[in-house]
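Please treat every number below as a calculation from the coordinates, not as lab data. Every value quoted in this text rests on a predicted model; they were computed, and no experiment measured them. Here Cβ is always computed from backbone atoms with ideal geometry, including for glycine, and neighbour counts include all displayed protein chains.
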Amino acid sequence: MAPKFGTSGLRGLVAELTDPLCASYAEAFLGMTETDGSVLIGRDLRASSPRIAAAVAAGAARLGLRAVDCGVLPTPALALAAEARGTAAVMVTGSHIPDDRNGLKFYTARGEITKADETAIAEAQAALGTPAVDPAPLEPDNGAAASYAGRFTGFFAADALAGLRIGVYEHSSAARDILADVLRALGAETVALGRADRFVPVDTEAVDTGTRAMLANWASEHRLDSIVSTDGDADRPMVTDASGKVVPGDILGPLTARYLRADTVVTPVTSNSLVDMMGGFAVTRTKIGSPFVIAGMEALRPAMVVGYEANGGFLTGFTALRDGKSLPPLLTRDSLLPILAPLALARQTGKGLADLVAALPPRRTAADRLTEVPTELSAGLVARLEADERLRDRLCPGLGALAGLDLTDGCRMRFTGGAVVHLRPSGNAPELRVYVEAGDDAAAGAILADVLARVRTEVAVG
């Protein structure tokens, strides 16, 4: 599959992300973007990322721009640095997808690019073609990561996490060192877990059973209050309670919004409906992908608006104030804030994370995916669900009659029994995503397992 824009950036197989192609995409983006004469370049820990970063620098050099190497760091740290410097940035990352794939995320001084920008970049790249790549120098700049850490140590109280013993699942996260440093700066004791020498594709929205078992074992073995981690480029969080049970991103989101005292929430149609039941928030739903969430937030400013996705990536659209300290807006997905805020809220209230979650309205979600499913096959199956009642009955038996159908992004089916089942093709990889919502975790998990098995059979037959 040729590299293309998905829900978050350009993605493709490493073999197809050639140096000329990456250089021309960088040149196309930078040719239409205001800069200060430089471009900031960051990367994740994939084996292919240094090569692709060098190709991006070559594309910048063709426009006479200086390429500044910010090294391995979280995507939101790079976006924050670009905003502070008033220039453009390119992050080399494939996020959570496997190591044989990679990608580019583009940032202006105002934040993430829009869907309209993606179209313009693709058209400009097509006009440029893929000319030969000449090596270009990269100027080192190590200040971006420290500034990002300072964003949180300057907002949360120095004892916000005091007394908590927190495991940091390091794997190959671009935030593995920053995250531990910030946790300790806020008073927590940290335990390093699972550091990897090779890239590990951690999907925070669809944590596999093996990883869940590993987290539960670690939580018990090390007597932890929580285990925290991120995906590869650290714009999506992963958080567990004291038992090692993963707290879904669309629960971390409302808890973080509550901590920041936001009054307006923008989130995709896939996110847990408990946020609508909590009270205190005006809620707007969007298609899946941070560009859609950002557009929704921009339309609602100057409200005290925040956004989040079901994967936990959190966006802040106003200056939050607590105890005389402020947290400025950051209109790109962030992982550290939705890790720190729920933990700080738990400590502040004298409860564990499990207690905070239990006090929320009884709606719980589960999500997983079928991999290596061609996009056209996924799209065809999802399109048929709208009109084919027999197909819906085959995939979702025993859930009651269809009570509502939402086609905002994929096919989201609400049944009279109270369950919700949502299928959509991934925008980043040849995968079919399945989301389920029910009254409790056990019901959501059981429905998800059954629907996945039925969808797998349907795809194989189809």
Subject >> FRET efficiency estimate (nearest 0.05) - Cβ-Cβ, Ala2 to Ala84, R0 41 angstrom >> reply: 0.75
Subject >> Euclidean distance between Cα centres, segment 206-240 to segment 91-162, Å >> reply: 25 Å
Original post:
Ignoring the sites themselves, what is the longest stretch of the chain with no GluC sites (Glu not before Pro) in a DSSP loop and at most 11 other beta-carbon atoms within 10 Å?
Top reply: 35-371
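Counting pairs of alpha carbon atoms under 8 Å apart in space and at least six apart in sequence, what relative contact order in percent does segment 303-421 give? Walk me through the intermediate numbers first.
Numbers: 106 pairs, mean separation 13.6, N = 119.
For segment 303-421, the relative contact order is 11 percent.
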Original post:
Mind listing the phi-derived Karplus ³J(HN,Hα) values for segment 173-181, rounded to whole Hz, using 6.51, -1.76 and 1.60 with θ = phi - 60°, and x for any glycine or proline?
Top reply: 5, 5, 9, 4, 7, 4, 4, 5, 4
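Tell me, what is the percent relative contact order of the chain, built from C-alpha pairs under 8 Å that lie six or more residues apart? Don't jump to the answer; show the numbers that get you there.
Numbers: 1046 pairs, mean separation 57.8, N = 462.
So the answer I get is 13 percent.
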Original post:
Efficiency by 1/(1 + (r/R0)^6): what FRET value for Leu391 and Glu298, r their Cβ-Cβ distance, R0 = 41 Å, to the nearest 0.05?
Top reply: 0.60
Original post:
In whole Hz, what ³J(HN,Hα) sequence does segment 48-59 give by Karplus (6.51, -1.76, 1.60; θ = phi - 60°), x for Gly and Pro?
Top reply: 7, 5, x, 4, 5, 4, 5, 5, 4, 4, 5, x
**OP:** Could you sort 149-156, 125-132, 93-100 so that the peptide with the highest average Cβ count within 10 Å comes first and the rest follow in order?
**Re:** 93-100, 149-156, 125-132
**OP:** Only residues of segment 1-41 count here: report those whose backbone N is under 19 Å from the spot 7 Å along Cα→Cβ of Arg198, or say none.
**Re:** 13-15
Original post:
Ala127 to Leu63: extension gain in nm, 0.36 nm per residue of separation minus the Cα-Cα distance?
Top reply: 21.5 nm
**OP:** Kindly write out, for segment 292-302 in residue order, the coupling ³J(HN,Hα) from the Karplus curve 6.51 cos²θ - 1.76 cosθ + 1.60 (θ = phi - 60°), rounded to whole Hz, with x marking Gly and Pro.
**Re:** 6, 5, 4, 4, x, 5, 4, 5, 9, 5, x
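Just need the relative contact order of segment 147-358 here, percent rounded to a whole number, with Cα pairs under 8 Å and 6+ apart.
19 percent
Given the Cα-Cα distance of Met278 and Arg212 and 0.36 nm per residue of separation, how much length would full extension add, in nm?
Numbers: separation 66, 0.36 × 66 = 23.76 nm, distance 2.77 nm.
The span from Met278 to Arg212 would gain 21.0 nm if fully extended.
Any idea what diffusion coefficient segment 147-358 gets from Stokes-Einstein, in µm²/s, Kirkwood Rh on alpha carbon pairs, 4 °C, 1.567 mPa s? It would help to have the intermediate numbers written out before the result.
Numbers: Rh = 16.9 Å.
This corresponds to a translational diffusion coefficient of 77 µm²/s.
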Subject >> Paramagnetic reach from Arg454 in segment 418-438 [backbone N under 17 Å; point 7 Å along Cα→Cβ] >> reply: 418-424, 433-438
Original post:
Taking the mean number of other Cβ atoms within 10 Å as a proxy for protection, how do you rank 281-287, 53-59 from highest to lowest?
Top reply: 53-59, 281-287
Original post:
Quick one: Cα centre-to-centre distance for segment 12-70 and segment 422-460, in angstrom?
Top reply: 36 Å
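Looking at the square roots a ≥ b ≥ c of the eigenvalues of the Cα gyration tensor of segment 4-141, which shape do they give, rounded for a/c under 1.5, prolate if a/b is larger than b/c, or oblate?
Rounded shape, in that the Cα axes give a/c under 1.5.
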Original post:
Any idea how far apart Asp100 and Arg261 come out in nm if each label point goes 7 Å out from Cα toward Cβ?
Top reply: 5.2 nm
Subject >> Along principal axes, Cα extents of the chain, largest first, whole Å >> reply: 62, 55, 44
Original post:
Restricting to segment 19-178, what percent of DSSP beta bridges are antiparallel, rounded to 5?
Top reply: 30 percent
Original post:
For the residue pair Arg322 and Ala359, what label-to-label distance in nm results when each label sits 7 Å from Cα along the Cα-to-beta-carbon direction?
Top reply: 1.4 nm
**OP:** Straight distance only, please: which lysines reach the Cα of Lys105 with their own Cα at less than 27 Å, same-chain residues fewer than 8 apart left out?
**Re:** Lys4, Lys115, Lys287
Original post:
Under a 5 Å amide H to amide H cut-off, with H placed in plane at 1.01 Å, what residues pair with Val247 once short-range neighbours are removed?
Top reply: Val239, Thr240, Asp241
